[in-house]
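**Q** Below: one structure in structure tokens.
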Amino acid sequence: MNNTARNRTLIFIIALLLITNLALLAYSFIYSKRPQPNKEREGFTAALKNEVGFTDGQIEQFKQLKQKHWASAKTDMEQIRKIKQSLFDLTKQPEVADSTVAALADSIAVLQKHAEIKVFHHFKATRAICTPVQQPKYDALITRIIRQGRSGRPVPPKPPAK
């Protein structure tokens, strides 16, 4: 085998290894970033069981509350999403009255307020499932979740007041 043939063979092998490594890297990147279905919800249910000490009966009560809450919450979220889409669609128009933007923003605010009140009642109903011993643990769990914020990252502490 002459040098040219050997060089071509080595280049082919190197290219094949490079392509294989890139494919593996892409595959692992795509599948490691995929959201796990129900991971967050199961995590909260598991936290109720492990951290608060919910019994199997309490978990069943919570699951029923959660199902009822999410059925209602999904409707609100869908309405908010539609209004936000309408608001965004206005960006495509050359002229938009401030009153139109304000009216849509007010509609979002009213729906968001309604959704927050529902969340409050859901938390209150979930807390009512707790025994008096479990209530401080539940309160601590909810406080921790609220402080983490929606993204799951801790909210930075507020600077001390002067």
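Yes/no matrix, rows are residues, columns are (1) at pLDDT 85 or above; (2) in a helix (DSSP H, G or I); (3) not β-branched (Val, Ile, Thr):
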| site | (1), (2), (3) |
| --- | --- |
| THR4 | no, yes, no |
| THR9 | yes, yes, no |
| ILE14 | yes, yes, no |
| LEU22 | no, yes, yes |
| LEU25 | no, yes, yes |
| TYR31 | no, yes, yes |
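**Q** If you don't mind, there's one more thing I want to ask. Take the residues in the stretch 51-98 that are part of a loop (DSSP other than H, G, I, E, B) and in contact (Cβ under 8 Å) with a residue 40 or more places away in the chain, then tell me which one is farthest from ALA140 (Cα to Cα).
**A** Going through the qualifying residues, I end up with PHE54.
**Q** Which members of the stretch 99-122 meet the condition of being closer than 30 Å to ILE146 by Cβ, free of Cβ contacts under 8 Å to residues at least 12 places away in the same chain and not basic (Lys, Arg)?
**A** The answer is ALA102, ASP106, ALA109, VAL110, GLU116, ILE117, PHE120, HIS121.
**Q** Here is a follow-up. I need the full set of residues from the stretch 76-104 which are modelled with pLDDT of 90 or more and of a type in the set (D, E, K, R), in order please.
**A** Answer for the stretch 76-104, where residues must be modelled with pLDDT of 90 or more and of a type in the set (D, E, K, R): GLU78, ARG81, LYS82, LYS84, ASP89, LYS92, GLU95, ASP98.
**Q** Now, a different point. What are the residue pairs meeting all of these: first residue in the stretch 1-17, first residue without any contact (Cβ under 8 Å) to a residue 12 or more places away in the chain, second residue part of a helix (DSSP H, G or I), Cβ atoms under 9 Å, and 6 or more apart or on different chains?
**A** Every condition considered, the pairs that remain are MET1/THR9.
The values are calculated or read from the model by the stated rules, or taken from the named source; none is laboratory data. Keep in mind the model is a prediction, meaning the values are calculated, not measured. All Cβ positions, even for glycine, are placed from backbone atoms using ideal geometry, and neighbour counts span all protein chains on display.
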